[in-house]
Every structure is written in structure tokens, then in C-alpha cells.
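Colleague: Next up is a structure, given as C-alpha cells.
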Amino acid sequence: MKLTKMSRAVMPGSANHRNTLYGGVLMDWMDETSGIAAKRFAESDVATVAVERIRFLKPIPVGVFLDVTAEVVKVGNTSLRVKVEAFIDGEPGEEDILAADAEFVYVVLDENGHPKKVGKSL
């Protein structure tokens, strides 16, 4: 499965009083990106059922570009686990900076919104 990636510019409207990105905004972006990865993999609707962990590793300042990546890393009977990472663009010639990571869990849904078996494996 290929990586799903979303790029965002961190703007003042998404920042707190310290001029860094609100954690809740980042969680929203991570959920959106990982949900796309899960839906693409399952070829079906999905719903977030858990955030197993989230780590905020570096403050994300206003004015930077942020890449949020997501990839399905585990397949259960009716669920998918998705690894999500958020990277701040590094300065020219430098590595990007891992600012946050998380693991989201999704349940795969049938046309009636009930859990259904995942149709494939990794």
C-alpha cells in the first residue's frame, strides 16, 4: 500500500498563543490523512474507533510547511491500524523534522454502517 500524504501550511488561525499549531488541529489533520489511507486500503467506508497513542515531539511554529503521512501497518478481522507521522520541512540541505506521530485504529464498514471483514491483507 502506498503512503497517503497531506501537506499543509501552518497559518496563524490554527495556532495558539505561543504561535504554534494547536494539538487538536494536528490531531484532526492526522485523523483525516489516516482515514483516507484506511479507506483506500479497505476499498470501503471506515470509522475511527481509537487513537492508540499520539506523541507531540516538537512544537510546530506558524509559517512552516507540514507533511502528514499515513500508512496501514496492520490488518485485523474488521479493523485496520494506521501509522501516522507529521514532519516539518527541514531547512535546505537538512532532514525534515519529525514533529508528531500516532497510531489510529479504524473499523471497516458495510453499506449499512456495520463492521465487516477486511477483504485483504498486507
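Colleague: Where the second residue is among the acidic types (Asp, Glu) and the first is surrounded by 14 or more Cβ atoms within 10 Å (Cβ to Cβ) and lies in region 36-52, which pairs have Cβ atoms under 7 Å and are six or more apart or on separate chains?
Modeller: 37/71; 39/45; 48/31
Colleague: Scan region 1-26 for residues that are among the aliphatic types (A, V, I, L, M) and without any contact (Cβ under 8 Å) to a residue 40 or more places away in the chain and jot them down. Can you show your working first?
Modeller: Filtering region 1-26 down to residues among the aliphatic types (A, V, I, L, M) leaves 1, 3, 6, 9-11, 15, 21, 25-26.
Residue satisfying the conditions is 25 alone.
Colleague: Within region 55-65, restricting attention to residues that are touching a helix residue (DSSP H, G or I) at 6+ places or on another chain (Cβ under 8 Å) and not aromatic (Phe, Trp, Tyr), which residue is surrounded by the fewest Cβ atoms within 10 Å (Cβ to Cβ)?
Modeller: Step one: filter region 55-65 for residues touching a helix residue (DSSP H, G or I) at 6+ places or on another chain (Cβ under 8 Å), giving 56, 60, 62.
Then drop every residue that is not not aromatic (Phe, Trp, Tyr), which leaves 60, 62.
Numbers: 60: 25, 62: 16.
The extreme case among them is 62.
Colleague: Is one or more of the residues making up region 73-82 crowded, with 17+ Cβ neighbours inside 10 Å, closer than 14 Å to residue 41 by Cβ and either touching a Cys at 6+ places or on another chain (Cβ under 6 Å) or free of Cβ contacts under 8 Å to residues at least 40 places away in the same chain (or both)? Give the derivation first.
Modeller: As a first pass, look at region 73-82 and keep what is crowded, with 17+ Cβ neighbours inside 10 Å: 75, 78-82.
Filter once more, keeping what is closer than 14 Å to residue 41 by Cβ: 75, 78-82.
Checking which are either touching a Cys at 6+ places or on another chain (Cβ under 6 Å) or free of Cβ contacts under 8 Å to residues at least 40 places away in the same chain (or both) leaves us with 79, 81.
Yes, there is a match, as at least one residue in region 73-82 is crowded, with 17+ Cβ neighbours inside 10 Å, closer than 14 Å to residue 41 by Cβ and either touching a Cys at 6+ places or on another chain (Cβ under 6 Å) or free of Cβ contacts under 8 Å to residues at least 40 places away in the same chain (or both).
Colleague: Please specify each residue of region 23-61 satisfying the condition of being part of a loop (DSSP other than H, G, I, E, B), out of contact with any Asp or Glu (no Cβ under 9 Å at 6 or more places or on another chain) and of a type outside the set (Asp, Glu).
Modeller: Passing the criteria: 58, 59, 60.
Colleague: Could you please give the count of residues in region 2-31 that are closer than 14 Å to residue 100 by Cβ and within 10 Å of the chain's Cα centre (by Cα)?
Modeller: Here the count works out to 7.
Colleague: Among residues belonging to region 62-91 that are assigned to a strand (DSSP E or B) and small (Gly, Ala, Ser), point out the one that is nearest to residue 110 (Cα to Cα).
Modeller: Let us first name the residues in region 62-91 that are assigned to a strand (DSSP E or B), namely 65-75, 79-88.
Narrowing the set further to residues that are small (Gly, Ala, Ser) leaves 70, 79, 86.
Numbers: 70: 23, 79: 12, 86: 30 Å.
Residue satisfying both the conditions and the ranking: 79.
Colleague: Right, something else. Does region 53-97 hold any residues that are among the charged types (D, E, K, R) and under 20 Å from residue 16 (Cβ atoms), and which are they? Break it down stepwise before answering.
Modeller: The first filter runs over region 53-97 and keeps only residues among the charged types (D, E, K, R), leaving 53, 55, 58, 67, 71, 74, 81, 83, 85, 89, 91, 94-96.
Listed by number, the residues that qualify are 55, 58.
Colleague: Separate question: Quick check on my filter: what residues within region 90-122 are touching an Asp or Glu at 6+ places or on another chain (Cβ under 7 Å) and either surrounded by 14 or more Cβ atoms within 10 Å (Cβ to Cβ) or modelled with pLDDT of 95 or more (or both)?
Modeller: Of everything in region 90-122, those that are touching an Asp or Glu at 6+ places or on another chain (Cβ under 7 Å) and either surrounded by 14 or more Cβ atoms within 10 Å (Cβ to Cβ) or modelled with pLDDT of 95 or more (or both) turn out to be 96, 98, 101, 103, 104, 105, 109, 116.
Colleague: Another question, if that's okay. Tell me which residues, restricted to region 6-21, are of a type outside the set (A, V, I, L, M, F, W, C) and exposed (fewer than 15 other Cβ atoms within 10 Å of the Cβ).
Modeller: Step one: of region 6-21, the residues of a type outside the set (A, V, I, L, M, F, W, C) are 7-8, 12-14, 16-20.
Across region 6-21, the qualifying residues are 7, 12, 13, 16, 17, 18, 19.
Colleague: Quick one: which of 69, 20 is of a type outside the set (A, V, I, L, M, F, W, C), in contact with an Asp or Glu (Cβ under 6 Å, 6 or more places away or on another chain), at pLDDT 95 or above and on the phi < 0 side of the Ramachandran plot?
Modeller: Working: 20 fails: in contact with an Asp or Glu (Cβ under 6 Å, 6 or more places away or on another chain).
Result: 69 is the single residue among 69, 20 that is of a type outside the set (A, V, I, L, M, F, W, C), in contact with an Asp or Glu (Cβ under 6 Å, 6 or more places away or on another chain), at pLDDT 95 or above and on the phi < 0 side of the Ramachandran plot.
The values are calculated or read from the model by the stated rules, or taken from the named source; none is laboratory data. Because the structure is predicted, anything quoted here is derived from the model rather than measured. Neighbour counts run over all protein chains shown; Cβ positions are idealised from the backbone, glycine included.
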